[in-house]
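A short worksheet on the structure shown next.
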Amino acid sequence: MRIQKQSNLYQLTFMPRLFPVNCYLIEEEDGLTLVDAALASSASSILSAARTIGKPITKIVLTHAHSDHIGALDSLKDALPDAEVMLSQMEWDILQNEKKMEAGHPIKGGYPKNIKTKPDRFLSDGDRVGSLEVIAAPGHTPGMLALFDHRDGALLVGDAFQLRGGIAVSGDLRWQFPFPSWATWHKQISVQTAKKLADLEPKILAVGHGDLLHEPLAHMKQAILRAENGVRIHA
């Protein structure tokens, strides 16, 4: 696992050279918020990172419920029984196998079927989790969330953008790393969400797959233009 720190954010990257999977620890005065739970094998490394920082993980927020974002949740909850677990109602419903399609589009990507941990709270657009503002960010999945830290301008977007293989809006295929595109539910909504996230003018872009990107706005806008053109061509 690789750790990179930027202001209040720690990016934890598993398999950084082969198939990078990120989760994040956000530092607050009284503890840490974990954003996403990476792979099923990631729990011990996440807990070790928190011990190194020297603060407890008190909150776990899931941007969405694909396997590479929720994999270690049960193990983490076993180790952190008092940690508050949060995600969107839509993602929980999909995880419970209650939805196969939304807005006429089939739901894609790997949703694990053996997650036992139940959420303590469902999040919606505009909610707050410590210093983080919750941003509804559907497209890659119907109920995906992004999180914006107003202290330093860090924007955690789940898979709304990828940076591995080149910056791209979710659904805009990059053959060097095609997996986020293949798992995208709705390309048009992905573009709408990308524009909404760019409007926040973040200082740091933190994605599920790829390195941190500083001063990302121009790059985000370029990726949005390319994705828009792709949507028009295939409309």
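If you go through the stretch 44-71 and keep only what is more than 15 Å from L12 (Cβ to Cβ), open to solvent by 40 Å² or more (accessible area, probe 1.4 Å) and touching a residue at least 24 places away in the same chain (Cβ under 8 Å), you end up with P56, T58, K59, S67.
Yes or no: D82 in contact with a Ser or Thr (Cβ under 8 Å, 6 or more places away or on another chain), assigned to a loop (DSSP other than H, G, I, E, B) and more than 21 Å from L147 (Cα to Cα)? Yes: the conditions hold for D82.
G139 - would you say it is in contact with a helix residue (DSSP H, G or I) (Cβ under 6 Å, 6 or more places away or on another chain), touching a residue at least 40 places away in the same chain (Cβ under 8 Å) and open to solvent by less than 60 Å² (accessible area, probe 1.4 Å)? When the stated conditions are applied, G139 passes them.
One residue is enough: does the stretch 215-235 have a residue meeting the conditions open to solvent by 10 Å² or more (accessible area, probe 1.4 Å), at pLDDT 95 or above and within 17 Å of the chain's Cα centre (by Cα)? There is no residue in the stretch 215-235 that is open to solvent by 10 Å² or more (accessible area, probe 1.4 Å), at pLDDT 95 or above and within 17 Å of the chain's Cα centre (by Cα).
For the stretch 85-107, which positions are more than 16 Å from the chain's Cα centre (by Cα) and either small (G, A, S) or assigned to a loop (DSSP other than H, G, I, E, B) (or both)? Scanning the stretch 85-107 gives Q96, N97, E98, K99, K100, A103, G104, I107. Which residue is most open to solvent (accessible area, probe 1.4 Å), if the candidates are limited to the stretch 174-188 and must be touching a residue at least 24 places away in the same chain (Cβ under 8 Å) and farther than 14 Å from V157 by Cβ? The residue in question is W182. Can you pull out the residues in the stretch 169-194 that are small (G, A, S) and within 16 Å of V21 (Cα to Cα)? Across the stretch 169-194, the qualifying residues are S170, S181, A183.
The values are calculated or read from the model by the stated rules, or taken from the named source; none is laboratory data. Everything quoted here is computed from the prediction, not taken from an experiment. When we count neighbours, we look across all protein chains shown, and the Cβ atoms used for this are built from the backbone with ideal geometry, even at glycine. What goes into the accessible areas is simple: the full protein's heavy atoms, side chains included, and nothing from ligands, DNA or RNA. Shrake-Rupley method; radii C 1.70, N 1.55, O 1.52, S 1.80 Å.
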